[in-house]
1. Just add up the charged neighbours of Gly278: K/R +1, D/E -1, any other residue whose Cβ is under 14 Å from the Cβ of Gly278.
2. What length, rounded to one decimal in nm, is gained on full extension from Gln202 through to Glu215, with 0.36 nm per residue of separation minus their alpha-carbon distance?
3. Given the Cα-Cα distance of Phe32 and Ser181 and 0.36 nm per residue of separation, how much length would full extension add, in nm?
4. Which FRET efficiency value, to the nearest 0.05, do you get for His25 and Arg281 by plugging their Cβ-Cβ distance into 1/(1 + (r/R0)^6) with R0 = 35 Å?
5. How large is ³J(HN,Hα) for each residue in the range 22-33, as worked out from phi by the Karplus curve 6.51 cos²θ - 1.76 cosθ + 1.60 (θ = phi - 60°), to whole Hz, x for Gly and Pro?
6. For Asp10 paired with Lys231, estimate the spin-label separation in nm (one decimal), with each label point 7 Å from Cα along the Cα-to-Cβ line.
7. Going Cα to Cα from Lys210, which aspartates and glutamates come in below 16 Å? Please leave out same-chain ones fewer than 8 positions away.
8. At Leu119 and Ile266, where each label point lies 7 Å from the Cα along Cα→Cβ, what is the point-to-point distance in nanometres?
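No value in this document is a laboratory result; all are computed from the given coordinates. Everything numeric in this text was worked out from a predicted model, so none of it was measured. Don't worry about glycine lacking a Cβ; one is built from the backbone with ideal geometry, like all the others, and counts go over all protein chains shown.
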Amino acid sequence: MSSLSSITIDQIIEILTINIIDLSHLKKSLGFVMTDGKFHLRFGHRNLLERLLILVKSMKNSSIKNVHLSNNFVSMDQQHFSKFRKKNKYRYGDQIQEFALLIFIFGGLHCYEFLRLHLPLTLSHITNLELLIRNQELKIIECNFRFNLLKERSQSTNCNYIFVAEDATRSISCIDYDAQSNLFLGFSSPLVSGVLQSNFFQTENFNVLKSWLDETDTSKFINLHMAKSLKSSAPPFILCAYGSNNKFEEIDVLKRWLFIYNESLIQGLRVIGFSTDGDSRYLRAMRLNYRFFGELPSLNLF
């Protein structure tokens, strides 16, 4: 393989079939091994690699300002620009960074690092992508409802009517630490008026951390709140995501829905409905809300 433009997707798969320990994690994230020992690339990753190879071939055959790409697939303009710079000071355009971000989101960390190491100077370092995610507010903070961003998305679609959906799926419990926010992730935050407290597990005291590990429930479920504009062309928006121990009652569901409704109303958005799965607590909350063979308890929701 003298140049990357001549590589085919089958040759990449052939490389992954080689029994190398360092490639084991990459192989698990990109595909799966059958009982006969053959490696199979997942369909989504195969399409992504095919598009990447097509892009590389088109860059090889095209010219930028009458300057053809070199054999190393780095333009002469880029080489001249980076000639007197260190490797950690290379600059990448907005389109390259957005393309790299898509590879990272759809392919994962191992796939991105594999491509970055085999495409010198074409993809930025992973730390640059993390900075890009923070600057664009793409990173989701646990238990934090992003009503401000939802308002911006709704303004771009010129539609203030939204539908909110909520669902949960089981996950593997794991405690992790986020150095940027100084938060311990993986614990189940306490409920206050049906809403989990944000930034609750934040401490610099080891004894407090030890008490959390001994007494606090870990998150066994991942809850996701999605908002969708009534315009069919508008994509859905992740309003909030958090871990939970799945211990709540129907009155907590009603309080959470009222919280989302009122906070959206403050942003000039009107929630016209909620949807969820067939959990009995959600169904009882819907029944109480519509007074269908049930009544609300004699207490204030807020």
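1. Values: positive: Arg281, Arg284, Arg287; negative: Glu166, Asp167, Glu250, Asp277, Asp279.
It works out to a net charge of -2.
2. Details: separation 13, 0.36 × 13 = 4.68 nm, distance 1.58 nm.
That pair, Gln202 and Glu215, stretches by 3.1 nm at full extension.
3. On the way: separation 149, 0.36 × 149 = 53.64 nm, distance 3.50 nm.
Gain on stretching Phe32 to Ser181: 50.1 nm.
4. Working: r = 39 Å, r/R0 = 1.11.
After rounding, the FRET efficiency stands at 0.35.
5. Per-residue couplings from phi come out as 5, 9, 5, 5, 5, 5, 5, 7, 8, x, 8, 10 Hz.
6. Those two pseudo-labels are separated by 4.6 nm.
7. Lys210 reaches Asp176.
8. Using points 7 Å along Cα→Cβ, the separation is 4.3 nm.
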